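Trainee: Have a look at the structure that comes next, please.
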Amino acid sequence: MKPKLILSFLLLATCFAAFGQQRQSSKHDSTVIEKGLVKISIMYPYAEGKTFNMEYYETKHMPMVAGFLGTNLVKYTIEKGLSSGIPNQPLPFMAIGTFYVKSLTDYQAAIAPNRDAIRADFVNYTNAMPVILVSEVVKYYTGRY
């Protein structure tokens with residue numbers, strides 16, 4: 001082989017190895033960072049006659065609550081229910097809002113003095129009573145394997 005070709009091949013192999021190492025490292029890091037977060041899921045059950053104003057929830061309610069959480073908040077998501085996982089069955093939830101926080105204690109301390117304001121805002125977007133689940137993120141899969 002020609003020296004230039006060998007040098008190019010080695011340079012290319014080094015770049016691929018570095019890229020693979022960097023990608024593997026960041027995949028691992030994102031899993032470690034997310035593990036142990038507390039997830040608060042606020043689920044709004046579907047029932048005949050229940051309503052949900054997604055625009056208000058997205059633009060007013062969730063940002064208001066997120067503001068109360070401050071730096072404890074890692075991220076939040078808003079989901080709109082589309083269907084049941086079982087054909088011809090009713091939709092289980094109209095919407096689900098989820099907060100991912102670092103500390104449950106800090107979450108509870110931030111929500112407690114604002115609980116009345118949060119509940120008073122319900123009438124602006126729904127007539128359904130939410131079901132709340134607090135859980136710990138055990139594994140976070142990013143889809144990069």
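A quick yes/no check of all residues on (1) in a strand (DSSP E or B); (2) modelled with pLDDT of 95 or more; (3) in contact with a strand residue (DSSP E or B) (Cβ under 8 Å, 6 or more places away or on another chain):
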{"position": "Met64", "(1), (2), (3)": "no, yes, no"}
{"position": "Thr77", "(1), (2), (3)": "yes, yes, yes"}
{"position": "Pro87", "(1), (2), (3)": "no, no, no"}
{"position": "Pro90", "(1), (2), (3)": "no, no, no"}
{"position": "Gly97", "(1), (2), (3)": "yes, yes, yes"}
{"position": "Ala109", "(1), (2), (3)": "no, yes, no"}
{"position": "Arg115", "(1), (2), (3)": "no, yes, no"}
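Trainee: Okay, moving on. Can you tell me which residue is surrounded by the fewest Cβ atoms within 10 Å (Cβ to Cβ) among those in region 117-145 that are part of a loop (DSSP other than H, G, I, E, B) and at pLDDT 95 or above? Explain how you work it out, then say what you get.
Mentor: Here is the first cut: in region 117-145, the residues part of a loop (DSSP other than H, G, I, E, B) are 125, 127-130, 137-145.
If we keep only those that are at pLDDT 95 or above too, we end up with 125, 127-130.
Details: Tyr125: 21, Asn127: 12, Ala128: 19, Met129: 10, Pro130: 17.
The residue in question is Met129.
Trainee: Hey, another quick one. Give the residues of region 103-113 that are touching a helix residue (DSSP H, G or I) at 6+ places or on another chain (Cβ under 7 Å) and exposed (fewer than 15 other Cβ atoms within 10 Å of the Cβ), sorted by residue number. Break it down into steps so the answer makes sense when it comes.
Mentor: In the first step, residues of region 103-113 are kept if they are touching a helix residue (DSSP H, G or I) at 6+ places or on another chain (Cβ under 7 Å); the result is 103, 106-107, 110-111.
Within region 103-113, just Ser103 meets the criteria.
Trainee: Which residue pairs have Cβ atoms under 8 Å apart, sit 6 or more places apart or on different chains, and have a first residue in region 127-145 that is in contact (Cβ under 8 Å) with a residue 40 or more places away in the chain and a second that is of a type in the set (Val, Ile, Thr) and assigned to a loop (DSSP other than H, G, I, E, B)?
Mentor: Final answer for the pair search is Asn127/Thr51; Ala128/Thr51.
Trainee: Against the definition (in contact (Cβ under 8 Å) with a residue 12 or more places away in the chain and touching a Leu at 6+ places or on another chain (Cβ under 8 Å)), how does Ala110 come out, yes or no?
Mentor: Details: in contact (Cβ under 8 Å) with a residue 12 or more places away in the chain: yes; touching a Leu at 6+ places or on another chain (Cβ under 8 Å): yes.
Considered against the rule, which asks whether it is in contact (Cβ under 8 Å) with a residue 12 or more places away in the chain and touching a Leu at 6+ places or on another chain (Cβ under 8 Å), Ala110 comes out as yes.
The values are calculated or read from the model by the stated rules, or taken from the named source; none is laboratory data. On a predicted model such as this, the values are computed, not experimentally measured, just so you know. Neighbour counts run over all protein chains shown; Cβ positions are idealised from the backbone, glycine included.
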